[in-house]
Amino acid sequence: MGRIPFRKNQKPNTNFIKRLSQVRSTSQSYSHEGGFGQYLIHKGLISERQLAEGLEEQKITGAKLGEIFVDRKYLTSREMLQELSLYLGIPLLDLTKVEVDLQAVTLLKEETAQRYGAFPFKIEGDTLEVAMMDPGSQRKIANIQILTGYNIQPYLAEGEEIRRAIKKYLTVERSIAELTNEQEKLSKTTLIEEVESFEDGKDAPTIELVNYLLEDAIRLGASDIHWEPGEKSFRVRYRLDGKLETKRTFPLQMARSLIARVKIMAEMDVSERRLPQDGRCSFLFQEKQIDLRVASLPTIYGEKIVVRILDSHEMVRSLQALGMSLEVETEIRQLLKEPHGIILVVGPTGSGKTTTLYSLLQELVSEERNLVSIEEPVEYQLPGVVSVQVQPKIGLTFAEGLRSILRQDPDVIMVGEIRDEETVKIAIAAALTGHLVLSTLHTNTAAEAFTRLMDMGIEPYLVAAVVRGVLSQRLVRCLCEHCKTPWEPDELSREAMGLPKSIEKIYKPQGCSRCRGTGYSGRIGIHELLIYHEDIKELVLQRESSQKIAAKAILRGMIPLHLDGYRKVQAGITSLEEVWFNTGSLIRVEGV
């Protein structure tokens, strides 16, 4: 294949290449070898010894000097890029903030972009702006100029950002194009042939596309990926910070291949499309094993797949990292010292109850204790804890599992969820016989846990005897630190939100490229902890309402959910809207 000629009347950008040569020539005055290293010494950022060690490693590994300095922690990655930008006289670019021109992207083939570590992102007249890992290479710039037919304006960018951009705009788009062009062929492929093509690695476009979507979701911090066939298209949505966001939409014909690939990864029956299935697998991302839990559901337009992403490195956190206030953290640590009884974590689905249970269990891990958990499913295998997987199909229910666990001489038992009367009765029996039991319950407030247990058929005296404390929680989105904006609410807003007068200045979401325009990044917990005491016992024995139990607990010092949320609003962590959305119906408490 011949070279792409320059367009009519266009001349190569010799001025830039000449200027680059002058910069490189001047830089060499620091040293005939390792000019960038001598530059860093001149600025006092590294020592002569560190440069010598770096050059020695470079001879052995062939790695770039800047990368060696970062690996050895002489500089941070950002510092290295900033200094290299100054050294070369080439602008430093944050590729995540750039609006990419799709016409510019197509000027380089995927293989060429990967080989040169270059990503073209904008056309400005006769000039092509290109993000590069090594913009100091005259040879690479000259070759890209010849291949594209444009004058080249290089920018220095982080290598990982360039690799992600190449994958997103070149690898993925090529895979989509190949899959789309082969729809007729795929429609004639038998199911057995399709499965064999995956196993042999022949269906590379589908494999690359699924891997990219998984990597992209994990990198963004998604908790779930929804693969959804519709009437005319197939969309992929990520659950980010508790909200679903559509990330890609594909032709409906591609659904079969993509869903088949996910099911094969999870060791599910690809031929069974009429019944729901469950599966799980591991996925390697940045040298970490990420567990994936996969569930299929037949719909009128085809199978829908939901992939739950379980990162064990993020699953177990300290109590402070969960967002607990100092008061709540101190009190719950005291509860964990109880020799027996039940500690409950309550809240709606998706409020982070299981993560909190693991964090509490981590606090109790000891060589002197026998800790056993029973869950459906086991989301994380915590060192020092024996985990039991509930399997209703063979008769291993929560109740049956608990009976067996009690014969294993446990000190602490974690029950993933109390769902029925039989399970709660066995849990209470365990607590009464000298075991500490941790579990979850679906209630909106801490006080409602007492009335829910009684509604499940448990006598009030038993509830009063075993429950040591109830932690209620919600997850609220954190304001993006890069774009949150100060806001002074007016009197009308204060009254509508029930906002205390002590809160004068707060922040609201704005939206930027770092938070995908949402104004939020990450989530944190808000909590209320109801501690058992005699006043609560009397109300439980009298079967009083949850409102009266909550009012008494607040008088005894319990900080309700919405007030813990207001504290985080005042600290600039979250927004008033988030607290209102998650606790709005709980703000008015009887008797308060």
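Odds and ends about this structure:
- Rounded percent of accessible protein surface that carbon and sulfur make up, region 341-468, 1.4 Å probe: 46
- Among the protein heavy atoms, those of Leu479 account for about 10 Å² of accessible surface (1.4 Å probe, every chain in place).
- Straight-line cross-link partners of Lys73 among the lysines, defined as a Cα under 29 Å from its Cα and at least 8 positions apart when in the same chain: Lys43, Lys59, Lys64, Lys97, Lys140, Lys167, Lys288.
- Solvent-accessible area, 1.4 Å probe, carbon plus sulfur percent, for region 501-565: 45
- Accessible carbon and sulfur surface of region 68-128 relative to its total accessible area, %, 1.4 Å: 48
- Averaging 1/r over each pair of different alpha-carbon atoms in region 399-476 and inverting the result gives 13.0 Å, the Kirkwood hydrodynamic radius.
- The protection proxy used here, the mean number of other Cβ atoms lying within 10 Å of each residue, ranks peptides 340-347, 45-52, 168-175 as follows, highest first: 340-347, 168-175, 45-52.
- Accessible surface for region 478-569, divided over its residues, is 52 Å² per residue with a 1.4 Å probe.
- For the chain, the Kirkwood hydrodynamic radius comes to 28.4 Å, computed from all pairs of different C-alpha atoms.
- Isolated cysteines of the chain, defined as having no other cysteine beta carbon under 4.7 Å away, are Cys281, Cys478.
- With contributions of -39500 (n - 2.57) from each DSSP H run of at least four residues, the per-residue ellipticity at 222 nm computed over the chain stands at -11500 deg cm²/dmol.
- Of the residues Pro383, Val424, Leu396, the one whose Cα sits farthest towards the positive end of the charge dipole of region 383-433 is Leu396 (charges of +1 on Lys and Arg Cβ, -1 on Asp and Glu Cβ, taken about the Cα centre).
- For a straight C-alpha distance cut-off of 20 angstrom, the aspartates and glutamates reachable from Lys568 (same-chain residues fewer than eight places away being disregarded) are Asp241, Glu327, Glu329, Glu331, Glu481, Glu488, Asp490, Glu495, Glu504, Glu528, Glu577, Glu578.
- Surface listing: Ser373, Ser223 arranged by accessible area from highest to lowest gives Ser223, Ser373, probe 1.4 Å.
- About its Cα centre, the chain has a charge dipole of approximately 1860 debye under the convention of +1 per Lys or Arg Cβ and -1 per Asp or Glu Cβ, with nothing else charged.
- Rounded to the nearest 10 degrees, the angle from helix 48-61 to the longest Cα principal axis of the chain is 80 degrees.
The values are calculated or read from the model by the stated rules, or taken from the named source; none is laboratory data. Here the structure is a predicted model, which is why all the values come from computation and not from measurement. So basically every Cβ, Gly included, is an ideal-geometry build from the backbone, and we count neighbours across all protein chains shown. The area values use the complete protein model at the heavy-atom level, side chains included, leaving out ligands, DNA and RNA. Shrake-Rupley method; radii C 1.70, N 1.55, O 1.52, S 1.80 Å.
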